[in-house]
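Participant: Take a look at this one; I'll ask things after.
The values are calculated or read from the model by the stated rules, or taken from the named source; none is laboratory data. If you're wondering where the values come from, they're calculated on a predicted model, not measured in any experiment. Note that we place each Cβ from the backbone using ideal geometry, even for glycine, and neighbour counts take in every protein chain shown.
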Amino acid sequence: MVRLEDVKNNPIVSNFILKADSYLEALGYTEHGFRHANLSANIAMSILRHLNWPEKEVELAGIAGYLHDMGNLSGREGHPAVGSVLAFQILQPMGMEIEDIASIMSAIGNHDEPFGIPASDIGSAVILADKTDIHRSRVRVLDPAKFDIHDRVNHAVTYSFLRVEKAETVSTLTLELTVDTALSSVMDYFEISFARLLMCRKAAEYLHCQFHLDINKMRIW
C-alpha cells in the first residue's frame, strides 16, 4: 500500500506544492505550502481515526489532505479539478490501487467551495481539515498596515483546534478558536469564513456528526 510518507517523499509532489504555494503568494494569499499540506493531512487522519474508521481510510484521507491544494500551481480557478488529475498522474505510477486513487481524486476535486460537496468519508475529512486551518502562522505579510481582511483575521487567531468527540449517539466536531478581537472582529471572521463553515457542517453531517464553533470559549454555532 502506498502510504502518506511515500507521497511526502515523492519529489514531484514536493515541487508541485512549492510551485502552487509560490503562485498563491504572488496573488497575496495566505500560506498554502508544506505547513498547510501537513496540517490538513494530520487533521483529516485524526478525524477519521477518532471516529473509528478503518486505518486504510485514515491513510487515504491523509494523502488526499496532503495533496489537495497542489492544483493551484496552474491557477486558483479550477484548482480542485487540476489537483485531482495530478493526483492520478502521481499515484498511479507509485502503484496505488485504482479504487484508492479514485477515492483520493474525488476528495481533492470536491474540497473547495462553491462547487465541492462532501461525497465520501475521505472527502468530508479533507474539507474539515482544510476549512478549519485558520491561524496567524499562515500570514505572510509582515507589515500589519498592509493586511487585507484574510491576513487580519488569520493574524488575530492565536489558537485553533478541531476537537473530535466520539459518542454512542451523536459525535461532535468542534472548531475551537481564540481570537484577539483587538486585531480583528468576530464579524470579520464570519465575512470570510461563512461559506467554509457551511461546508464544514455538511461534511460533519456526512460523517454523522454535529459541527460546532467555539470562539473565545463561547459557543457560536
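Participant: If you go through segment 86-140 one residue at a time, how many are over 22 Å from ILE12 (Cβ atoms) and hydroxyl-bearing (Ser, Thr, Tyr)?
Facilitator: Final tally of qualifying residues: 4.
Participant: Only one of these conditions is not met by GLU168: (1) surrounded by fewer than 19 Cβ atoms within 10 Å (Cβ to Cβ); (2) of a type outside the set (Ser, Thr, Tyr); (3) in contact with a helix residue (DSSP H, G or I) (Cβ under 9 Å, 6 or more places away or on another chain). Which number is it?
Facilitator: (3)
Each row is one residue, and each column tells you yes or no for (1) surrounded by 15 or more Cβ atoms within 10 Å (Cβ to Cβ); (2) touching a Pro at 6+ places or on another chain (Cβ under 6 Å); (3) not acidic (Asp, Glu).
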site	(1), (2), (3)
GLU31	yes, no, no
ALA41	yes, no, yes
ASP69	yes, no, no
GLY78	no, no, yes
LEU86	yes, no, yes
GLY95	no, no, yes
ALA107	yes, no, yes
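Participant: Report every pair of residues separated by at least 6 positions or lying on different chains whose Cβ atoms are under 7 Å apart, first residue within segment 143-158 and within 13 Å of ILE192 (Cβ to Cβ) and touching a residue at least 60 places away in the same chain (Cβ under 8 Å), second surrounded by 12 or more Cβ atoms within 10 Å (Cβ to Cβ) and polar (S, T, N, Q).
Facilitator: Taking only residues 6 or more apart or on different chains, the pairs are HIS150/THR30; ASP151/THR30; ASN154/THR30.
Quick grid of which residues meet (1) surrounded by 24 or more Cβ atoms within 10 Å (Cβ to Cβ); (2) touching a strand residue (DSSP E or B) at 6+ places or on another chain (Cβ under 8 Å); (3) over 16 Å from HIS32 (Cα atoms):
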| position | (1), (2), (3) |
| --- | --- |
| ALA61 | yes, no, yes |
| GLY83 | yes, no, no |
| ILE90 | no, no, yes |
| ILE98 | no, no, yes |
| PRO118 | yes, no, yes |
| ILE122 | yes, no, yes |
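Participant: Related question: Show the residue pairs that are 6+ apart or on different chains and have beta-carbon atoms under 9 Å apart, the first residue being within segment 178-199 and under 17 Å from ASP214 (Cβ atoms) and of a type in the set (Lys, Arg), the second being buried (at least 17 other Cβ atoms within 10 Å of the Cβ) and modelled with pLDDT of 95 or more.
Facilitator: Close Cβ pairs (under 9 Å, with a partner that is buried (at least 17 other Cβ atoms within 10 Å of the Cβ) and modelled with pLDDT of 95 or more) amount to ARG196/ILE127; ARG196/ASP130; ARG196/LYS131; ARG196/THR132; ARG196/ILE134.
Participant: Quick one: would you say PHE161 is within 15 Å of the chain's Cα centre (by Cα) and under 18 Å from MET199 (Cα atoms)?
Facilitator: On the way: within 15 Å of the chain's Cα centre (by Cα): yes; under 18 Å from MET199 (Cα atoms): yes.
Here the answer is yes, as PHE161 does meet what is asked.
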